[in-house]
Every structure is written in structure tokens, then in C-alpha cells.
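Student: A single structure is presented below for examination.
The values are calculated or read from the model by the stated rules, or taken from the named source; none is laboratory data. Here the structure is a predicted model, which means the values were calculated and not measured. Cβ placement follows ideal geometry from the backbone for every residue including glycine, while neighbour counts extend to all protein chains displayed. Areas reflect the complete protein model, heavy atoms only, side chains present, ligands, DNA and RNA absent. Shrake-Rupley method; radii C 1.70, N 1.55, O 1.52, S 1.80 Å.
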Amino acid sequence: MTEENLYAAPGAELSVETEIVASALATRWSRLLARLADGIANLVAFVPLSLALYFLLPGSEFYLLAGIFGLAGLVAAFHWIRYNLRMMSKNGQTFGKIAMGIRVVRVDGSRLTLLRWFTHRFLVISLVSSIPWIGLFVALANYLAIFRKSRRCLHDMVADTKVVNA
């Protein structure tokens, strides 16, 4: 006969799955190249809208062409923004970050939500950077902060994020 405590709490092995990632920090060069790739891709995505505005200049007779480029531009811009927002919410990556093999995560390694990315990482620094005179120094300090040992810009510190290898 085994001695078993009938009043003991049942035992079970639990496994907790988290998204904590112990990846190395992304290099400064990979972050820069990702930012440049995003900028070039954004430029290409918004070219049709720019052409539409060009054809709508006073004195232009290309209203039909402006309408075609305008419609194509709106469709391209909508899908490009939707793609980047979906990838950012799913993986913490934009087009450029995917190309460079890096991603944005919280400091503890957990996934960055889209709301936090927009409000903390993007909106705060954008609003402060738009203040005349002060904004120039904040924008410069934002990017120069990457040269610290932690490799985190000001927008990373505000959002409590870091950029790691994917």
C-alpha cells in the first residue's frame, strides 16, 4: 500500500510559452540600411501620387493622366501602408527591417504592439521634432543616441524597445 496524501494539491507539469527572445542587438549599419531601404521603398510607393499632383499643376492639360496616376497612387499607397502595418504588428518589422534581418522588440524581448509602436516609438518623437528650433536638436539627438553602448535611439528609450537580429 502506498502512502498517498489524499488532501494534497494535484501536481502537474506546466510549460509556459513566451515570446522572449535572447537575440543580439542589431548593428548600427543594419539599422541604417533598413531605414534607407524603407525610405526608397516609400518613395517608389508614392511616386504615382506625386505624378498625379504634378499633372494637376495650373496650366496642365493632362487631367485624365492625373486621374489615372492619382487612382493608382491611392491604391499603391493604401496597400503599402497596410503591408507595413501588418508586418510591424506581426513581426516587429518593416520592409527594410525584413531585408536586413532585424526586428523591433520590447526590452524584455516580448512582442511590440502596433499601438505602442505608433504612439510611443513614432508619434512622440515626431511631435517633439516638429517644434521649431527645439525639434532640430531633438531629431539630431534621437539618431545620435544610437552611438551609445546600448545602441538605442531616443525613440527606442521612449517606447522601451530595442532592435535585434531576427
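Student: From Cα pairs below 8 angstrom and at least 6 apart in sequence, can you work out the relative contact order of the stretch 83-130, rounded to a whole percent? All intermediate terms of the calculation are to be shown ahead of the outcome.
Tutor: Details: 30 pairs, mean separation 12.8, N = 48.
About 27 percent, as a whole number.
Student: Using the alpha-carbon centroid of each, what span in Å lies between the stretch 93-123 and the stretch 32-59?
Tutor: Taking the Cα centre of the stretch 32-59 as reference, the centre of the stretch 93-123 is 23 Å away.
Student: Pick from PRO48, PRO132, PRO58: which residue has the top mean-square fluctuation in a GNM of the chain where Cα pairs under 10 Å get a spring?
Tutor: Its mean-square fluctuation being the largest, the pick is PRO58.
Student: Follow-up. As I understand it, the dipole of the chain uses +1 on the Cβ of Lys and Arg and -1 on the Cβ of Asp and Glu, about the Cα centre. Which of ALA145, PHE95, SER60 lies farthest toward its positive end?
Tutor: Going by the Cα projections, it comes out as SER60.
Student: Here's something else I'd like to know. Within the chain, what's the longest stretch lacking trypsin sites (Lys or Arg not before Pro) that sit in DSSP loops with no more than 12 other Cβ atoms inside 10 Å?
Tutor: With trypsin sites (Lys or Arg not before Pro) excluded where exposed in loops, the chain gives 1-147 as its longest stretch.
Student: Over the chain, what is the relative contact order in whole percent, taking alpha-carbon pairs under 8 Å and six or more residues apart?
Tutor: On the way: 188 pairs, mean separation 43.1, N = 166.
Rounded, it is 26 percent for the chain.
Student: Sticking with this structure for a sec: Name the most mobile residue of GLY135, GLY11, GLY39, meaning the one with the largest mean-square fluctuation, in a Gaussian network model of the chain with Cα contacts below 10 Å.
Tutor: Among GLY135, GLY11, GLY39, the largest GNM mean-square fluctuation belongs to GLY11.
Student: Roughly what angle does helix 134-144 make with the longest principal axis of the chain, taking Cα atoms, 0 to 90 degrees, to the nearest 10?
Tutor: 60 degrees
Student: Before rounding to the nearest 500, sum -39500 (n - 2.57) across all DSSP H runs of length at least 4 in the chain and divide by the residue total; then give [θ] at 222 nm in deg cm²/dmol.
Tutor: -16000 deg cm²/dmol
Student: Just to be sure I understand: with springs between alpha-carbon atoms less than 10 Å apart, which residue in ILE81, ILE68, ILE125 has the highest mean-square fluctuation in the Gaussian network model of the chain?
Tutor: ILE68
Student: Of all accessible surface on the stretch 79-166 at a 1.4 Å probe, what whole percent is carbon and sulfur?
Tutor: 70 percent
Student: Okay, next question. Tilt of helix 63-91 relative to the longest C-alpha principal axis of the chain, in degrees (0 to 90, nearest 10)?
Tutor: Approximately 10 degrees, to the nearest ten.
Student: With every protein chain left in place, what is the accessible area per residue of the chain in square angstrom, probe 1.4 Å?
Tutor: Numbers: 11610 Å² over 166 residues.
With all protein chains present, the chain gives 70 Å² per residue.
Student: Across the chain, where is the longest run that never hits chymotrypsin sites (Phe, Trp or Tyr not before Pro) in a DSSP loop with at most 11 other C-beta atoms within 10 Å?
Tutor: Value returned for the longest uninterrupted segment is 8-132.
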